[in-house]
Amino acid sequence: MNTQKAAKWFGYILLIVGILGFIPGVVTGSGLLLGTFQVDVMHNLIHIISGLIAVACAASFGGAKLYFKIFGIVYALVTILGFLGGGIVLGMMMNMADNVLHLVITVFALYYGFRNEGGATM
């Protein structure tokens, strides 16, 4: 998958996850999305905003690459803080499932941000 298409789909997924985080029944009374991932209003808003930015950046190759580089580095920091922070990262509740998912997202974003895509340049 090329970087622009990855950014577009990544953005759509973040938007969907952010919206789902506001739907009762999809989120349990204890704030678990799909019974697994700890979410709150700020967490959901960050997903929605990150998704909108990804979709906008997907309009150009350079924008998509830059998005994934910045997003990947930020999520790497969030992942490290999550594993070290004992449940709260930047004021948001997170659990081990969140930390593992953030690690996967970090690897995905850094891969698309820094990979050589067959001669395309930024």
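The values are calculated or read from the model by the stated rules, or taken from the named source; none is laboratory data. Just so it is clear, the structure is predicted and the values come from calculations on it, not from any experiment. Heads up, the Cβs are rebuilt from the backbone with ideal geometry, glycines too, and the neighbour counts pull from every protein chain shown.
Pairs meeting the criteria (first residue in the stretch 42-69 and farther than 16 Å from Phe108 by Cβ, second residue in a helix (DSSP H, G or I) and among the polar types (S, T, N, Q), beta carbons under 7 Å, at least 6 apart or on different chains) are Phe61/Thr3; Phe61/Gln4. Among the residues of the stretch 79-96, just one is free of Cβ contacts under 8 Å to residues at least 40 places away in the same chain, crowded, with 17+ Cβ neighbours inside 10 Å and outside any helix (DSSP H, G or I), namely Val89. Name, by its number, the condition in (1) hydroxyl-bearing (Ser, Thr, Tyr); (2) farther than 17 Å from Leu101 by Cα; (3) modelled with pLDDT of 95 or more that does not hold for Ser50. Of the numbered conditions (1) hydroxyl-bearing (Ser, Thr, Tyr); (2) farther than 17 Å from Leu101 by Cα; (3) modelled with pLDDT of 95 or more, the odd one out for Ser50 is (2).
Only residues that are free of Cβ contacts under 8 Å to residues at least 60 places away in the same chain and closer than 15 Å to Leu66 by Cβ: list them for the stretch 9-25, please.
Scanning the stretch 9-25 gives a single hit, Gly11.
The residue list Ala64, Ala54, Ala58, Ala76 contains one member that is buried (at least 17 other Cβ atoms within 10 Å of the Cβ), within 11 Å of the chain's Cα centre (by Cα), among the small types (Gly, Ala, Ser) and farther than 21 Å from Leu20 by Cα, which is Ala76. Of the numbered conditions (1) surrounded by 13 or more Cβ atoms within 10 Å (Cβ to Cβ); (2) more than 13 Å from the chain's Cα centre (by Cα), Asn99 fails exactly one; give the number of that condition. Here Asn99 clears every test but (2). Applying the set (1) within 20 Å of Met1 (Cβ to Cβ); (2) at pLDDT 90 or above; (3) of a type outside the set (Lys, Arg) to Met122 leaves exactly one unmet item: (2).
Do you know which of the residues in the stretch 16-47 that are surrounded by 15 or more Cβ atoms within 10 Å (Cβ to Cβ) and part of a helix (DSSP H, G or I) is modelled with the lowest pLDDT? Result: His43.
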